[in-house]
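As structure tokens, the structure follows; a few thoughts come after it.
The values are calculated or read from the model by the stated rules, or taken from the named source; none is laboratory data. Everything quoted here is computed from the prediction, not taken from an experiment. All Cβ positions, glycine included, derive from the backbone under ideal geometry; neighbour counts span all protein chains shown. These area figures cover heavy atoms from the full protein model, side chains too; ligands, DNA and RNA do not enter into them. Shrake-Rupley method; radii C 1.70, N 1.55, O 1.52, S 1.80 Å.
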Amino acid sequence: MKLFRVDGMKGGVIEVMPRLAEGEADVQGLVEANMETLLDVTFLATEYVSVEGGSH
């Protein structure tokens, strides 16, 4: 599926070229930075330590 972004300067659309993520951290950062737009939720923190001492 092709993706596009709106070009406000020219009043049209520009195709967004896909790229592979470098790794899990790249995907995680992208999702965390855009959670409100993607999922309509507010992001609080990344990888916090739980009471049991594990990372979630």
Subset of the stretch 6-23 [within 15 Å of the chain's Cα centre (by Cα) and not in a loop (DSSP other than H, G, I, E, B)]: VAL16
Meets criteria (β-branched (Val, Ile, Thr), under 16 Å from the mean Cα position of the chain (by Cα) and part of a helix (DSSP H, G or I)) for VAL27: yes
Residue in the stretch 1-13 that is among the hydrophobic types (A, V, I, L, M, F, W, C) and open to solvent by less than 80 Å² (accessible area, probe 1.4 Å) present: no
Count - residues of the stretch 14-45 that are surrounded by 10 or more Cβ atoms within 10 Å (Cβ to Cβ), touching an Asp or Glu at 6+ places or on another chain (Cβ under 9 Å) and of a type outside the set (Phe, Trp, Tyr): 2
Pairs with Cβ under 9 Å, 6+ apart, first in the stretch 45-56 and at pLDDT 75 or above, second outside any strand (DSSP E or B): THR46/GLN28; THR46/GLY29; THR46/GLU32; GLU47/GLN28; GLU47/HIS56
